[in-house]
Amino acid sequence: MTINLLAIDTSSEWCSAALYCAGHITQQLEYRPKQHGERLLAMMDKLLTDAHLQLSNLQAIAYARGPGSFTGVRLAAAVAQGSAFPAHLPLIGISTLAALAHAAFRQHQQQWILAALDARIGEIYWAGFEITTIGMVTALTAEQVTLPNSVMLPNSPIVPIKQWYGAGSGWAVYGNELRASTELTAAQVNGEIICTAHDIALLAIQAWQAGTIEILEYSAPQYIRNQVAIKTSERERRS
């Protein structure tokens, strides 16, 4: 079965949309802090127009479910649901951390990834992943939000520290703390790798083809942090 799938991500300062069509991915990617709402629909429309497709020609819509920016995660979920509902399309929510790990594999051929995103207020979202040679992602830890110095590599007797790779904005912001807690070297990390709709689309397609995806009728953002807003006094105490 030929699959046409649209994927979106607004979980960070970057805004992206990607179309998987005829086995190829085309992506629109822009650095748009606080302007995702102004650009996302236009990016989606351009991808569909250039491919001579309409929403009714798609089989599903995938979105970055989080963790990430509270506003951005909610926006992607809302746009995905608003686009899917009138066209009677299923929704596929993909973890931003898993997509980040896949980006590290796709761009740098890394197999064991500790993905970390800046969660603000001195914390990071993080999880450990293993990527197979064909790009299938398996989570080795739960996705969590902690202080950078609380992060630990998954305990594995068969994966030495030198084979791990750190990816994501968490490493850019808290590199010293993370390297100290994980014992990774500076050569083993890349804080410039980002989650984009390209990898959201690839993971959604993989799961669809493997029959392991949970297809949703309604979008379900994943925040991880129980308290979306933390009081000023708490922020000051942590700083």
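The values are calculated or read from the model by the stated rules, or taken from the named source; none is laboratory data. Keep in mind the model is a prediction, meaning the values are calculated, not measured. Using ideal geometry, Cβ is built from the backbone for each residue, glycine included, and neighbour counts are taken over all protein chains shown.
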Q.
For the condition surrounded by fewer than 23 Cβ atoms within 10 Å (Cβ to Cβ), assigned to a helix (DSSP H, G or I) and not acidic (Asp, Glu), what is the one hit in 46, 34?
A. 46
Q) Which ones in the range 170-205 are crowded, with 24+ Cβ neighbours inside 10 Å and among the small types (Gly, Ala, Ser)? A) 170, 197, 201, 204
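If only one of 56, 95 is of a type in the set (Ser, Thr, Tyr) and surrounded by fewer than 21 Cβ atoms within 10 Å (Cβ to Cβ), which one is it? Write out each step before concluding.
On the way: 95 fails: surrounded by fewer than 21 Cβ atoms within 10 Å (Cβ to Cβ).
Going through 56, 95 in turn, just one is of a type in the set (Ser, Thr, Tyr) and surrounded by fewer than 21 Cβ atoms within 10 Å (Cβ to Cβ): 56.
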Q: Might you let me know whether the range 157-176 holds any residue that is in a strand (DSSP E or B), touching a strand residue (DSSP E or B) at 6+ places or on another chain (Cβ under 9 Å) and farther than 29 Å from residue 15 by Cβ?
A: yes
Q | Count of residues meeting criterion [assigned to a strand (DSSP E or B) and over 21 Å from residue 178 (Cα atoms)] in the range 132-144 | A | 2
Q: Among the numbered conditions (1) touching a helix residue (DSSP H, G or I) at 6+ places or on another chain (Cβ under 7 Å); (2) in a helix (DSSP H, G or I), tell me where residue 18 comes up short.
A: (2)
Q: Could you tell me whether the range 193-211 includes any residue that is modelled with pLDDT under 85, small (Gly, Ala, Ser) and in a loop (DSSP other than H, G, I, E, B)?
A: yes
Q: Consider residue 184 carefully, then state whether it is part of a helix (DSSP H, G or I), more than 30 Å from residue 44 (Cα to Cα) and either assigned by TED's automatic domain parsing to the domain that holds residue 150 or small (Gly, Ala, Ser) (or both).
A: no
